[in-house]
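Visitor: Sharing a structure below in structure tokens format, with a few things to ask.
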Amino acid sequence: MNLQVELGDRSYPIYIASNLANSLAETIKSLVVENRPFALIVDANVAEQHGEYLNTIFAETPRYVVPSGEGSKCFEQLGHICSFLAENRIDRSGAIFAVGGGVTGDLAGFAAAAFLRGIDFYQVPTTLLSMVDSSVGGKTGINIPEGKNLVGAFWQPKAVFADMDLLKTLPEREFAAGMAEVIKYGLLYDAEFLDVLENYGSLNPEHSELPSVVCRCCEIKAEIVRADERESAASGGRALLNLGHTFGHAIEAVAGYGDYLHGEAIAIGLYLAARLSEELALIDRGSAARVRKIVEQYKLPYRLRSPLSASKLLAAMSRDKKVKQGRLRFVLMEELGKAITYDEINPTRIHKLWSEVGAEV
Ligand code: NAD
């Protein structure tokens, strides 16, 4: 399954299938023929668990192994990678292959954007989350102590290779976390897709329909990004992809990064966004219960595992970088399958909602 992200001269293909090793090898061959230098930036767990795959495709390629985990999205790793690229004589004609989850993709993508003021890069996502979300759309970046993803660049890849075979080693909990973003696409853009997910009941890396599910998510993201690449639309636009994220980011920030996987925090955020939409009479009563059921069906939480302070959660929300001119901006639903941006919400309402999912008031 292939699809094209249409962005004028920055358009690129996404390949989605099992066994993409050959297509990847073809791309590498064409770089070799053109005498262009390239390097591999790979997540440590992936390097360990897919050694044979990588050795076959990237036999002699200079390799930088990124320590696994969110902590690697930092200036220190960025510096190491830039030095590694310079030491290996990657010039302006050069390219980076980022093989790993969102951490490796965001970090290597930012290195590609910054090194020599920009070189080509290819995404080979190895988590469900990175296949359906972070590898598509060109947001790259790192974290600083003041917040997540606060430093970065828009830098589109030259191609994305989503190889289902690589998912077979992904821990179940990470797969479930990726499903939160999959469910998000249904909720924000495609009611029929949501029905399909409900009907599948469950998914796993071997499921024959997984490529088509990944493909639909990438199509939706590509369509939204094409219309608003730099998230500059006054309302709607790329911001809609943040459905559930204002709540989710607050959970991650207050619980401490690492306690909840990103997708787990987003799953709770999706439920809260549905509850808030219900409270504002944007969607019918009972819709949030349906969202809760889907989230649970895919082994995701809709409540906090242990109590966090509602006031701290609210404060974290107002520090989120999606806040515009001091006003909290929410992504809500006017029906399941259609998201909207919404600005005017009384914080007391949010405070109350947090208590519904187990926060301490
Ligand atoms: P991740 O990259 O940390 O990967 C999760 C874990 O899975 C890691 O421990 C990793 O080592 C391991 N792993 C990866 N692939 C594996 C495989 N095939 N087999 C076994 N283990 C494997 O996390 P993620 O969930 O992929 O991405 C989260 C990151 O993505 C966050 O930093 C988030 O900010 C970012 N993100 C970016 C965008 C964007 O648009 N750029 C969108 C969403 C999320």
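The values are calculated or read from the model by the stated rules, or taken from the named source; none is laboratory data. For clarity, every value in this text was computed on a predicted model and none was experimentally measured. Every residue, glycine as well, gets a Cβ built from its backbone with ideal geometry; the counts of neighbours run over all protein chains shown. What goes into the accessible areas is simple: the full protein's heavy atoms, side chains included, and nothing from ligands, DNA or RNA. Shrake-Rupley method; radii C 1.70, N 1.55, O 1.52, S 1.80 Å.
Visitor: How many percent of the accessible area of the chain is carbon or sulfur, using a 1.4 Å probe?
Guide: Percent of accessible area from carbon and sulfur atoms in the chain: 48.
Visitor: Continuing with this model, one more query. Three principal axis extents, largest first, for the C-alpha atoms of the stretch 89-142, in Å?
Guide: For the stretch 89-142, the Cα spread along each principal axis is 32, 16, 15 Å.
Visitor: Next question. So how far apart, in nm, are the two label points at Asn22 and Val65 if each is 7 Å from Cα heading toward Cβ?
Guide: Result: 3.1 nm between the two label points.
Visitor: Within 10 Å, count the other beta carbons around each residue, average over each peptide in 133-143, 297-307, 79-89, and list them highest first.
Guide: In descending order of packing, they fall as 133-143, 297-307, 79-89.
Visitor: Please give the helix 21-33 orientation as an angle from the longest Cα principal axis of the chain, in degrees from 0 to 90, rounded to the nearest 10.
Guide: 50
Visitor: Assuming R0 = 45 Å, what is the FRET efficiency of Arg285 and Lys168, from their Cβ-Cβ distance, to the nearest 0.05?
Guide: Computed FRET efficiency for Arg285 and Lys168: 0.60.
Visitor: Using 7 Å Cα-to-Cβ label points, what is the Ala191/Glu76 separation (nm, one decimal)?
Guide: Taking the two extended label points, one gets 5.1 nm.
Visitor: Percent of alpha carbon pairs in the stretch 6-56 separated by more than 19 Å?
Guide: Here the long-distance tail beyond 19 Å is 47 percent of all Cα pairs in the stretch 6-56.
Visitor: On average, how much accessible surface per residue is there in the stretch 74-142, in Å², for a 1.4 Å probe, leaving out ligands, DNA and RNA?
Guide: I get 30 Å² per residue for the stretch 74-142.
Visitor: Okay, next question. At 1.4 Å probe size, with every protein chain present, just tell me what the per residue accessible area of the stretch 1-66 comes to in Å².
Guide: It amounts to 54 Å² per residue over the stretch 1-66.
Visitor: Farthest toward the dipole's positive end in the chain, which of Phe121, Tyr53, His80, given Cβ charges of +1 (Lys, Arg) and -1 (Asp, Glu) about the Cα centre?
Guide: Towards the positive end, the residue furthest out is His80.
Visitor: Right, here's the next one. Over the stretch 238-361, what lengths in whole Å, largest first, do the semi-axes of the equivalent ellipsoid take, defined as the square roots of 5 times the eigenvalues of the alpha-carbon gyration tensor?
Guide: Gyration-tensor ellipsoid for the stretch 238-361: 19, 18, 14 Å.
Visitor: Is there a quick way to get the dipole size of the chain? I mean about its Cα centre, with the Cβ of Lys and Arg at +1 and of Asp and Glu at -1; what is the value in debye to the nearest 20?
Guide: Charge dipole of the chain: 900 debye, to the nearest 20.
Visitor: What angle do you read, to the nearest 10 degrees and between 0 and 90, between the alpha-carbon axis of helix 347-356 and the longest principal axis of the chain?
Guide: Relative to the chain, helix 347-356 is tipped by roughly 80 degrees.
Visitor: Let me ask something else about it. Filter the cross-link list Lys148/Lys312; Lys221/Lys338; Lys139/Lys299; Lys293/Lys338; Lys299/Lys352 down to pairs whose alpha-carbon distance in this structure exceeds 23 Å. Show your work: numbers first, answer last.
Guide: Numbers: Lys148/Lys312 17 Å; Lys221/Lys338 14 Å; Lys139/Lys299 28 Å; Lys293/Lys338 18 Å; Lys299/Lys352 25 Å.
With Cα atoms farther than 23 Å apart: Lys139/Lys299; Lys299/Lys352.
Visitor: On to the next question. Distance between Cα centroids, the stretch 274-340 to the stretch 106-122: provide it in whole Å.
Guide: Using only Cα atoms, the two centres lie 34 Å from each other.
Visitor: Over the stretch 241-361, average the accessible area per residue using a 1.4 Å probe and give it in Å², no decimals.
Guide: Per residue, the stretch 241-361 has an accessible area of 44 Å².
Visitor: Simple spin-label model, 7 Å along Cα-to-Cβ: His351 to Arg305 in nm?
Guide: 2.9
Visitor: In degrees, nearest 10, range 0 to 90: what is the angle between the Cα axis of helix 310-319 and the longest Cα principal axis of the chain?
Guide: 50
Visitor: In vacuo Debye scattering of the chain, one point per C-alpha: log10 I(q)/I(0) at q = 0.06, 0.07, 0.09, 0.10 Å⁻¹?
Guide: These q points yield log10 I(q)/I(0) values of -0.21, -0.29, -0.48, -0.59.
Visitor: For the stretch 223-318, what is the charge dipole size about the Cα centre, in debye to the nearest 20, if Lys and Arg each add +1 at the Cβ and Asp and Glu each add -1 at the Cβ?
Guide: For this selection, approximately 300 debye.
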